[in-house]
Amino acid sequence: MTPALRKLTITAHVTFSVGWLGAVAAFLVLSIAGLTSHDAEVVRGAYLSMDLISRFIVIPMCFAAVATGLFQALGTPWGLFRYYWILVKFGLAIFATIALLIHQFAVMAVAAKRVSGSAAETLFSQDFGPLKTELVRAPSLAILLLLVVTTLGVYKPWGLTRYGRSKQQERRKVQQQPDDETPLGVKIFFAVIGVLVIVFVVLHLTGHGFESHGH
């Protein structure tokens, strides 16, 4: 990876990561308003806005942040399996992505469908309470998780993995450039993206789908 491309991927990764965190924060604010407000129009508007933010901002930012982070790891000497902090960060990002998709189809879509066209008293019924609470709890945990991921990226704790030490020793012996393993990294990159796409499609087909609130 050339220095210019490396700077571009870093910029893109930071931008998408910050956008992801900011969108989740906005989602949390609206979910709190939906939980605490006694105005039916505010509640309805909050949940419909949350659905739009989730589908068109949070999910795209999430995929973009994971993709650029993976591309950056595999295209630089950092690698994906050479440092413990990168492995943990990537694992948390994948977990957050899958949890986000499940949350969108299993919780957010249900809430958006329920508030759309519902009578005012329905928005404040007791059986709607647990769903409202879940829509506050989930983004709160998501923000905490994203802050942990950000902290790992800044402080870079822990050291080399066994694989990382092995590759480092090999590189010193034969004086290979880190970019020699790029083809394998590209394969891993597309494999992970393919898995995420499959999960997304399966959830879409088995759930209510993006347009569920309109039915």
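The values are calculated or read from the model by the stated rules, or taken from the named source; none is laboratory data. Here the structure is a predicted model, which is why all the values come from computation and not from measurement. No Cβ is skipped: glycine too gets one built from the backbone with ideal geometry, and neighbour counts run over all protein chains shown. Note: areas computed on protein heavy atoms with side chains; ligands, DNA, RNA excluded. Shrake-Rupley method; radii C 1.70, N 1.55, O 1.52, S 1.80 Å.
Tell me which residues, restricted to segment 45-60, are aliphatic (A, V, I, L, M), within 14 Å of Ser116 (Cβ to Cβ) and either within 20 Å of the chain's Cα centre (by Cα) or not in a helix (DSSP H, G or I) (or both). Can you show your working first?
First, pick out the residues of segment 45-60 that are aliphatic (A, V, I, L, M): 46, 48, 50, 52-53, 57-59.
Right, trim to within 14 Å of Ser116 (Cβ to Cβ) and you get 46, 48, 50, 52.
Answer for segment 45-60, where residues must be aliphatic (A, V, I, L, M), within 14 Å of Ser116 (Cβ to Cβ) and either within 20 Å of the chain's Cα centre (by Cα) or not in a helix (DSSP H, G or I) (or both): Met50, Leu52.
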### Message
Condition first: surrounded by 15 or more Cβ atoms within 10 Å (Cβ to Cβ), of a type outside the set (A, V, I, L, M), in a helix (DSSP H, G or I) and within 17 Å of the chain's Cα centre (by Cα). Can you find one or more residues in segment 94-101 that meet it?
### Response
yes
### Which numbered condition Ala4 misses (of (1) closer than 24 Å to Gly117 by Cα; (2) open to solvent by 30 Å² or more (accessible area, probe 1.4 Å); (3) without any contact (Cβ under 8 Å) to a residue 40 or more places away in the chain)
(1)
### Query
Among the residues of segment 107-120, is there at least one that is touching a residue at least 24 places away in the same chain (Cβ under 8 Å), polar (S, T, N, Q) and not in a helix (DSSP H, G or I)?
yes
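Restricting attention to segment 23-33, does a residue exist that is more than 25 Å from Ala119 (Cα to Cα), part of a helix (DSSP H, G or I), touching a Pro at 6+ places or on another chain (Cβ under 6 Å) and in contact (Cβ under 8 Å) with a residue 12 or more places away in the chain?
yes
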## Note on the structure
Residue hits (segment 74-87; assigned to a helix (DSSP H, G or I) and open to solvent by less than 60 Å² (accessible area, probe 1.4 Å)) are Leu74, Trp85, Ile86
### Message
Looking at (1) touching a residue at least 40 places away in the same chain (Cβ under 8 Å); (2) in a helix (DSSP H, G or I), which one does Thr11 not meet, given that it meets all the others?
### Response
(1)
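Going through segment 45-61 one residue at a time, which ones are closer than 14 Å to Thr97 by Cα and buried (at least 16 other Cβ atoms within 10 Å of the Cβ)?
Selection gives Ser54, Arg55, Ile57, Val58, Ile59, Met61.
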### Task
Please go through segment 34-44 and pick out each residue that is assigned to a helix (DSSP H, G or I), more than 30 Å from Ala93 (Cβ to Cβ) and open to solvent by 30 Å² or more (accessible area, probe 1.4 Å).
Thr36, Glu41, Val42, Arg44
### Flag for Tyr83 being farther than 22 Å from Gly19 by Cβ and not charged (D, E, K, R)
yes
### Query
How many residues are in contact with a Phe, Trp or Tyr (Cβ under 9 Å, 6 or more places away or on another chain) and modelled with pLDDT of 90 or more when one looks only at segment 116-129?
0
### Query
Of these, Val18, Val24, which one is under 30 Å from Trp158 (Cα atoms), modelled with pLDDT of 95 or more, of a type in the set (Val, Ile, Thr) and surrounded by 19 or more Cβ atoms within 10 Å (Cβ to Cβ)?
Val24
